[in-house]
1. Tell me, in nm to one decimal, what length is gained between residue 2 and residue 38 on full extension, where the rule is 0.36 nm per residue of separation less the Cα-Cα distance?
2. What percentages, rounded to whole numbers, describe P(r) for the stretch 3-115 computed over all alpha carbon pairs with 10 Å bin width beginning at zero?
3. Would you please give the FRET efficiency between residue 45 and residue 22, computed as 1/(1 + (r/R0)^6) with r the Cβ-Cβ distance and R0 = 35 Å, to the nearest 0.05?
4. Return the distance in nm (one decimal) between the two label points of a simple spin-label model at residue 98 and residue 59, each offset 7 Å from Cα along Cα→Cβ.
5. Compute the length gained on full extension between residue 86 and residue 68: take 0.36 nm times their separation in residues and subtract their Cα-Cα distance, giving the result in nm to one decimal.
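Since every read-out is calculated from the coordinates, none of them should be taken as a lab result. Worth saying up front: this structure is predicted, and the values here are computed from it rather than measured. Quick reminder, even Gly has a Cβ in these numbers, built from the backbone with ideal geometry, and neighbours come from all protein chains shown.
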Amino acid sequence: MDALNFRETATDAIRYWEPRRVVYNLILAVIVLTYFCLNYPGSLVALSVDNVLWVFVLAVLANVAYCAAYVVDIFAQVSGYQALWRKYRWMLFVFGVLFAGTMTRFFALGLFSSTQ
């Protein structure tokens, strides 16, 4: 693979994935806020500096995990399945959001449910 082709592939991946990162983070934030509200007012006990920092670390880790899509995307684009991949790569986003949403739900339950 030459440098120009890799550059175009990486640019295409960034152009595809970065606008979706906002949606990804909003979905995860809605899940956390939902469980906070469902357990309110007991969830107020969880609002400590340590827990807020813990949520921040988890948000950063969720975004690091989101970057795994780049590895899959670039690998698939440089393969012989580029056209097929570009047609169906939205499924990677959907499954990634479902997985991250499930993990977020478990962390939010653990953080806010134990406070009651």
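1. Roughly 7.7 nm would be gained on extension.
2. 13, 38, 24, 15, 8, 1
3. Calculated value: 0.70.
4. A separation of 2.7 nm, rounded to one decimal place.
5. Contour length minus Cα-Cα distance gives 4.8 nm.
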